[in-house]
Amino acid sequence: MFHQSGGCCDGSAPMCFAAGEFKLGQRDVKLGEVGGAGFYMGGDQYELWQHTDLTLDVVKGRGAGFSLEAPEGIRFLIRSDVCAV
């Protein structure tokens, strides 16, 4: 599963967890799926980003400390565009 929170540092990066390794909160919102894995966002972050198109990307670099890609020399990145109203 993927989770995007609104924290600082590692918390602002999308993180990937094995099934059952991350406990979702009551306010987390499921945005969809990526390769069969659910993609969730923290409720507070969703309130800020609900009017954006999000793209999950993979780039070279140091991954977040708790995310599955951390030892692979890659990291997940969210790219966003404000939706036209």
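The values are calculated or read from the model by the stated rules, or taken from the named source; none is laboratory data. Since this is a predicted model, take the numbers as computed values, not measurements. Every residue, glycine among them, receives a Cβ derived from its backbone with ideal geometry; neighbour counts consider all protein chains shown.
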Inter-residue pairs, beta-carbon under 9 Å, first at negative phi and among the β-branched types (Val, Ile, Thr) and in the range 35-53, second at pLDDT 90 or above and not in a loop (DSSP other than H, G, I, E, B), 6+ apart | none
Candidate set from the range 19-77 (those that are farther than 12 Å from His3 by Cα and polar (S, T, N, Q)); member that is surrounded by the most Cβ atoms within 10 Å (Cβ to Cβ) = Thr52
Select from the range 45-61 the residues that are modelled with pLDDT of 90 or more and of a type in the set (D, E, K, R) and write down the one among them that is farthest from Phe76 (Cα to Cα).
-> Glu47
Of all residues in the range 1-24 being part of a loop (DSSP other than H, G, I, E, B) and closer than 17 Å to Gln50 by Cβ, which is modelled with the lowest pLDDT?
-> Gly6
